[in-house]
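The block underneath contains the structure these notes are about, expressed in structure tokens.
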Amino acid sequence: MADKTEAERGQEYLTEILKLMGYQGDVTVHEGEDRLTLEVKGEDVGQLIGRKGATLDALQLLVAKMVTKGAETTRPIVVDVAGYREQRNGELLAMAAKKSDEAIKTGRVIALEPMSAHDRRVIHVALTDTPGVTTRSEGEGVNRRLMIVPTGPGAAS
Amino acid sequence: MSATPNLPELIAYISRGLVDHPDQVSVEVVREDRTDVLELTVDREDLGKVIGKQGRIARALREVLNAAATRGKIRTRTVLEILE
């Protein structure tokens, strides 16, 4: 097992997990410099995404822990189905634009729904260069959510 | 054509990949009323590895378990308990 690369092990673990979950999916590896992406293709695999990507995130966490067990440094491992990650990022960017407009227009703090660390980060980064708003996170664990705070004149504090 | 989920082996397989003592991993299925309880047992030293900080790993195991149960149209409620 020590002879196998992270990519080979990730592919092997995810393939077996999918089989045990009752899916017949193929796992393709995309080697990036900054990340390793395991993409699932097959019948019905869209069901693997789950609510707001919850099932995909769970698989990603578990496979990453299995692959990196005992290893010092490693690239992040991404598990994706049918381009879901990119699609979700697009949705998050659209939401960031809409909600920041709303915050500026109303002068009120907008609380977004609870999201994963990754999703919060996407919105936070997107709004870093947006004038008139800042972001901060509130809450703990799965209830942690991003707040969009207007900074312009007339903003309610 | 789709395969049938194997829920106890699913939990056992992932757990063996997470722990330092894979030979100490076992999953027992206990039927309680209309619920199947999957009792995951690991070496005491490995408990943290299947639970994780703030229960993150345990939550991910339950998420994957529920997704597989839904996939298999398993009517019986299936829950995961982690034992020492």
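The values are calculated or read from the model by the stated rules, or taken from the named source; none is laboratory data. These numbers come from a predicted model, not from an experiment. Virtual Cβ from ideal backbone geometry, glycine too; neighbours counted across all protein chains shown. Only protein heavy atoms, including side chains, enter the accessible area calculation; ligands, DNA and RNA are left aside. Shrake-Rupley method; radii C 1.70, N 1.55, O 1.52, S 1.80 Å.
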Open item on the list: Residue under question is A:Lys98, and the condition is that it be buried (at least 19 other Cβ atoms within 10 Å of the Cβ) and either assigned to a helix (DSSP H, G or I) or not hydroxyl-bearing (Ser, Thr, Tyr) (or both); does it hold?
Closed with: no
Open item on the list: Suppose we filter A:Asp26, A:Asp44, A:Asp57, A:Asp3 for residues that are in contact (Cβ under 8 Å) with a residue 40 or more places away in the chain and among the acidic types (Asp, Glu); which single one remains?
Closed with: A:Asp57
- [ ] Hey, can you tell me all the residues within the stretch A:1-13 that are touching a strand residue (DSSP E or B) at 6+ places or on another chain (Cβ under 7 Å) and more than 14 Å from every other protein chain (Cβ to nearest Cβ)?
- [x] A:Ala7
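Taking the residues in the stretch A:22-51 that are touching a Lys or Arg at 6+ places or on another chain (Cβ under 6 Å) and under 23 Å from B:Leu18 (Cβ atoms) as candidates, determine which candidate is farthest from the other protein chains (Cβ to nearest Cβ). Give the derivation first.
Step one: list which residues in the stretch A:22-51 are touching a Lys or Arg at 6+ places or on another chain (Cβ under 6 Å), which gives A:22, A:26, A:35-36.
This time we only want the ones that are under 23 Å from B:Leu18 (Cβ atoms), so: A:22, A:35-36.
Working: A:Gly22: 4, A:Arg35: 19, A:Leu36: 16 Å.
Going through the qualifying residues, I end up with A:Arg35.
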TODO: For residues that are assigned to a helix (DSSP H, G or I) and touching a strand residue (DSSP E or B) at 6+ places or on another chain (Cβ under 9 Å), scanning just the stretch A:14-25, find the one that is nearest to A:Val45 (Cα to Cα).
DONE: A:Leu18
Task: Matching residues in the stretch A:58-78 - criterion: being open to solvent by 50 Å² or more (accessible area, probe 1.4 Å) and either in a helix (DSSP H, G or I) or assigned by TED's automatic domain parsing to the domain that holds A:Leu112 (or both) - done: A:Lys65
Open item on the list: Quick check on A:Asp44: is it among the charged types (D, E, K, R) and at positive phi?
Closed with: yes
Task: Qualifying positions in the stretch A:121-141 - touching a helix residue (DSSP H, G or I) at 6+ places or on another chain (Cβ under 8 Å) and either within 14 Å of chain B (Cβ to nearest Cβ) or part of a helix (DSSP H, G or I) (or both) - done: A:Val122, A:Ile123, A:Ala126, A:Leu127, A:Gly141
Open item on the list: Pairs please, first residue from the stretch B:11-37 and surrounded by 11 or more Cβ atoms within 10 Å (Cβ to Cβ), second anywhere and among the basic types (Lys, Arg) and not in a helix (DSSP H, G or I), Cβ atoms under 6 Å, 6+ apart in sequence or on different chains.
Closed with: B:Thr35/B:Arg77
- [ ] Go through (1) modelled with pLDDT under 95; (2) open to solvent by less than 30 Å² (accessible area, probe 1.4 Å); (3) in contact with a strand residue (DSSP E or B) (Cβ under 6 Å, 6 or more places away or on another chain) and name the single condition A:Gly139 misses.
- [x] (2)
Open item on the list: Please pick out the residue among B:Lys49, B:Lys73 that is in a loop (DSSP other than H, G, I, E, B) and either within 11 Å of chain A (Cβ to nearest Cβ) or crowded, with 17+ Cβ neighbours inside 10 Å (or both).
Closed with: B:Lys73
TODO: State whether the residues of the stretch B:4-17 include one that is in contact with a Gly (Cβ under 7 Å, 6 or more places away or on another chain), within 7 Å of another protein chain (Cβ to nearest Cβ) and of a type in the set (Ser, Thr, Tyr).
DONE: yes
